[in-house]
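These notes are about the structure you will find just below.
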Amino acid sequence: MSTVNEIPLAAESMKRPTAVTKRLLRRSSAARRERSAKVKIVLGAFLTAVVVLPIILAQVLPLPDVDAQAITSRFLPPFSPGHLFGTDQLGRDILSRVLHGGQVSLTIGVLAVVISGLVGVVLGALAGFFGGWVDAVVSRLIEAQLSLPLLMMLLLVVALFGPSIPVITFVIAIAQWPEPARLTRSLVLVEREKPYVQAAKVLGLPQITTLVKHVIPNVINQVIVVVLLLLATAVLMESALSFLGAGPQRPFATWGRIISDGQDFITTSWWIVTLPGAVIAILVVGVNLLADGLRDRVRRRKGAAS
Amino acid sequence: MLTYVSKRLGQSLLTIFLTVSTVFVLIRMAPGDPAYALAGPLASTGDLEKIRISMGLNEPLLTQYGIFLKDLGAGNIGKSYSFQAPALEVVMSRLPNTIFLAVLAILLAIVVAIPLGVWMAKRADTKRELGVNVLTIAGQSMPDFWIGIMLLTLFAVVFPIFPSSGFTSWSGVVLPVTTVAILQIALVSRMVRREVGTNMAAPYLTVARARGTGEQKLTWAYAMRNSSIPILTTLGTRFAGMLNGVVVVEVVFNWPGLGSLVVRALETRDYPLIQATVLVTSVLAVGVQLLIDLCYPLLDPRVRLGKVSVA
């Protein structure tokens, strides 16, 4: 019945003259936002892939050994035969070091973000859903941590407990949990007032089931995007820690330490510092763009709720 | 008003208390002897024993905590063993340089980021804005120490316009301040864009526009003024993050602030010194945030009357 009615209507509207041209539609702010988001997502995904894929494949790619030193081929500039990124002060291949360093950084970053994301979602959801003293405690903790310059505290922890990969991962995770927690809490606060939560209550569902099975799935998309942004921060934080000398120790090549070691040779061999830094920047720009574009999109899907 | 002030004050004290406690727990939890950690590798067994007694390490944990708090209250964080001086004094002597750098950077960031953010909000999602938007994302994505080394190489080595390090003249300030400010400009301008964008789309602005209010007044007196509170809040919380950046950048430029101090402390395992840095920077960040929060009532009468709570 309805289909019968719609077809001629649609056909008619195509014939009817309208002031809304395709050009105007393309220039509308909604279409522009959509295009911006798309550009960011595509560009971000591309940049991330350019860095992440070689890092994952570092063992398979035909690269010189990470620690193979060669006195004869020190300070080779980029594009030397066999050394795309050149070599460093000990004749080690920089591309190989950057990719292997990337494995360390990415492992730490991903693990840290997963931990901080889990902790953040759990605490944030509990605080938002149950309120009361749980909320008071979690909120005060979040506020306290956000107002502190954590870097010194992290350095103290690393100094006390040793710069091993688990310690650094843990330290970064602890530094980052407030962000997803705060977001989850504010989203759950809104979600909690919606009718379906009441319905679940009437149906006799335990509160915790309502939270886990119904509320969290409704907010998790937005949180995941923010967690993706945290991955970018985690990579930067790890490189800063290594730069300050609190990163994973040798034999691991880490991005921060490649840069801090190469700093002394910057005037004669610019590539030792420039290229690894550029790789970090490309990865982090990529992840940030991707997350930013996705966030614009997720927010719009959710409509006025956020 | 009074409740607002006392609430904020309580929150700041709580934060400081949590920091102090965390430091205490960390030192006690760390593998090895905390007396050793405090006295350093050069201490004799007699020294260690003295410290153990003075720290009350054979007392119950709660008593130890009390002693720790009392020492802190007296400003006694221990002696830095690479400087052979009280750690707190060493940190305080370096602190002004760090604050100087931070303040200049935040001023530069505000001066650049607010017009930039407003422009982005008004031209949102045009091609040019998208370009600038991507640039600001790039600005917040580059490791700050790397930006520092790049600027240093470019403007002090290749084109020797500025001195490469030190604190000797005003031109030596340009590069470190710019380095710290780049990240802040990127972050603040994006925030301004978001806030002003929200306010530009608000109904009250449409009404004002319909009544014929000029575009400049709409932007600055209406949208910007209403955005100033969230922007100020974030600047307050951002200050802590900025201190982190300042510390890292200081190392690149050999700036005689906390950064180079903390790296040296890390190399020599100078725990009292790191501990003092943690406490001093925390108090500083919390103090700045408190100060900013206490400025709200001046900007927003709703806070003065206790009608809205500032998160």
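The values are calculated or read from the model by the stated rules, or taken from the named source; none is laboratory data. Model, not experiment: these values are computed from the prediction. Glycine also receives a Cβ, built like all others from the backbone with ideal geometry; neighbour counts cover every protein chain displayed. Surface areas here come from the heavy atoms of the whole protein model, side chains and all, with no ligands, DNA or RNA. Shrake-Rupley method; radii C 1.70, N 1.55, O 1.52, S 1.80 Å.
Which of the helices (runs of 4 or more DSSP H) contained wholly in region B:225-309 include at least 1 residues that are within 9 Å of another protein chain (Cβ to nearest Cβ)? Write out each step before concluding.
Details: elements: B:225-253, B:258-267, B:271-299, B:301-304.
Because the criterion is at least 1 residues that are within 9 Å of another protein chain (Cβ to nearest Cβ), the helices (runs of 4 or more DSSP H) in region B:225-309 that meet it are B:225-253, B:258-267, B:271-299.
Grab the helices (runs of 4 or more DSSP H) fully contained in region A:141-199, keeping just those with 3 or more residues being more than 9 Å from chain B (Cβ to nearest Cβ). Spell out how you get there, then give the answer.
Working: elements: A:150-161, A:165-176, A:178-192.
Helices (runs of 4 or more DSSP H) meeting the threshold: A:165-176, A:178-192.
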Spans of helices (runs of 4 or more DSSP H) in region B:1-94 with at least 3 residues closer than 26 Å to A:PRO149 by Cβ, at pLDDT 75 or above and within 14 Å of another protein chain (Cβ to nearest Cβ): B:2-29
Criterion: part of a helix (DSSP H, G or I), farther than 21 Å from A:THR233 by Cβ and without any contact (Cβ under 8 Å) to a residue 12 or more places away in the chain - qualifying residue of B:VAL207, B:VAL177: B:VAL207
Test for A:VAL51: is it within 14 Å of chain B (Cβ to nearest Cβ), under 17 Å from A:PRO276 (Cβ atoms), among the β-branched types (Val, Ile, Thr) and touching a helix residue (DSSP H, G or I) at 6+ places or on another chain (Cβ under 8 Å): yes
Residue check, A:ALA70 of a type in the set (A, V, I, L, M), modelled with pLDDT under 80 and surrounded by fewer than 15 Cβ atoms within 10 Å (Cβ to Cβ): yes
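Residue by residue, here is whether (1) under 23 Å from B:LEU13 (Cα atoms); (2) open to solvent by less than 60 Å² (accessible area, probe 1.4 Å) holds:
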| residue | (1), (2) |
| --- | --- |
| A:HIS100 | no, yes |
| A:SER105 | no, yes |
| A:VAL114 | no, no |
| A:GLN145 | yes, yes |
| A:PRO149 | yes, yes |
| A:LEU160 | no, yes |
| A:LEU183 | no, yes |
Any chance A:THR267 is part of a loop (DSSP other than H, G, I, E, B) and either at pLDDT below 80 or facing chain B (nearest Cβ under 10 Å) (or both): yes
Breaking point among (1) open to solvent by 40 Å² or more (accessible area, probe 1.4 Å); (2) free of Cβ contacts under 8 Å to residues at least 24 places away in the same chain, for B:ARG269: (2)
Which numbered condition B:PRO163 fails, given (1) modelled with pLDDT under 90; (2) out of contact with any Gly (no Cβ under 6 Å at 6 or more places or on another chain): (2)
Residue identified as open to solvent by less than 50 Å² (accessible area, probe 1.4 Å) and not acidic (Asp, Glu) among B:VAL103, B:VAL118: B:VAL118
Residue list for region A:73-84, filter: in contact with a strand residue (DSSP E or B) (Cβ under 9 Å, 6 or more places away or on another chain) and surrounded by 13 or more Cβ atoms within 10 Å (Cβ to Cβ): A:SER73, A:ARG74, A:PHE75, A:LEU76, A:SER80, A:HIS83, A:LEU84
